[in-house]
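Q: Structure in structure tokens, see below.
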Amino acid sequence: MNDFLNYVLNGVLLGQLYALLALGFVVIYRASKVFNFAQGELMLVGAFTVWTLTLGLGLPTPIALVLAFVSAIAFGYLIERLFFTRLIGESVFSMVMVTVGLVILIRGLILVIWGSTERQFPALLPVAPIIAGDFIFPTSLVVGAGFTAVLAIGLWWFFNRSRFGLTLTAVAEDPQTAIAMGISVKRATTLAWMLGAVISTVGAIVYLNGRTLSLVSAEIGLAALPVALFAGLESILGLLLAGAIMGILQTLVAAYVDPLIGGAASGIVPYVFMLLMLFVRPTGLFGWRSIERV
């Protein structure tokens, strides 16, 4: 019984990591109606930036982190200005295809700048696990769950209670009307991409803490996609529940099914669950009941 509870609790923590990365999807979508397939690549850029500033240049950790987040803000700003400013008011399909192109472009730039060599990501969070009786928890995931909860609550308040957050939602729903009312659509979408880049960098620090950094690391962004769809692309607090459910399912399958079949069925659990969810409730658990076909 203790083993089962240990798997469940660790699954909840894993799910909060997915929820943290899925926050990037939701923030960009809530503010610009752009479904960003390059979220994993944004995380990768943040990860390589952190590595360069800490281990590459040997800067003190506090200074390196501040510079990394400033760089993330600048990168998000650059992406929006170069690729999405001209697409305001265009079809959803056009914007989605641009994000698909960004996946290829960013990966190519990473290969040019940093090469294909694997690197050891710095351990910015404690690597020793937290032991509470019979339960063992990775410290990075515990800290990450705290980050996720704080960010989710803060972003929920921002989008649902602050004037500017409500303006962002209005812009995403009808950019042409927002322009007619004198609302700056460019400023709204720029802020969304900057927030998405910052959240991706936080996710990189939690996910890669003391682990190997390579192009393959970007796949965690794709693994977080089912959580965003499961919760509903407009839901922020719903990500916490959706992530917990997905993490528990994946952990239990890894513990009890993978040893029996000698495979890695746990790796496809999020995607199978996502497909089933899309058949039953396309808008997700807490998504708004409007469907756009791309």
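The values are calculated or read from the model by the stated rules, or taken from the named source; none is laboratory data. Just so it is clear, the model here is predicted, and its values are computed rather than measured. Cβ: placed from backbone, ideal geometry, glycine included. Neighbour counts: every protein chain shown.
Q: Of the residues I199, I183, I179, which is surrounded by 14 or more Cβ atoms within 10 Å (Cβ to Cβ), outside any helix (DSSP H, G or I) and either modelled with pLDDT under 85 or within 17 Å of the chain's Cα centre (by Cα) (or both)?
A: The unique qualifying residue is I183.
Q: Are there any pairs, at least 6 apart or on different chains, whose C-beta atoms fall under 8 Å, with the first in region 8-35 and under 16 Å from V96 (Cβ atoms) and the second of a type in the set (D, E, K, R) and in a helix (DSSP H, G or I), and if so, which?
A: K33/E173
Q: Sort out for me the helices (runs of 4 or more DSSP H) sitting completely within region 215-276 that have 3 or more residues that are touching a residue at least 60 places away in the same chain (Cβ under 8 Å).
A: Values: elements: 219-231, 238-256, 258-261.
Ranges flagged: 219-231, 238-256.
Q: When region 53-71 is examined, which residues are found to be polar (S, T, N, Q) and either touching a Gly at 6+ places or on another chain (Cβ under 6 Å) or farther than 30 Å from A228 by Cα (or both)?
A: Those that are polar (S, T, N, Q) and either touching a Gly at 6+ places or on another chain (Cβ under 6 Å) or farther than 30 Å from A228 by Cα (or both): T54, T61.
Q: Looking at L23, L87, which is the one that is closer than 22 Å to W193 by Cβ and over 22 Å from the mean Cα position of the chain (by Cα)?
A: The match here is L87.
Q: With (1) surrounded by 22 or more Cβ atoms within 10 Å (Cβ to Cβ); (2) in contact with an Asp or Glu (Cβ under 7 Å, 6 or more places away or on another chain); (3) at pLDDT below 85 as the list, and N2 as the residue in question, which single condition is left unmet?
A: If we test N2 against (1) surrounded by 22 or more Cβ atoms within 10 Å (Cβ to Cβ); (2) in contact with an Asp or Glu (Cβ under 7 Å, 6 or more places away or on another chain); (3) at pLDDT below 85, just (1) comes out false.
Q: Of the numbered conditions (1) crowded, with 19+ Cβ neighbours inside 10 Å; (2) basic (K, R); (3) over 16 Å from L151 (Cβ atoms), R30 fails exactly one; give the number of that condition.
A: For R30, the exception is condition (3).
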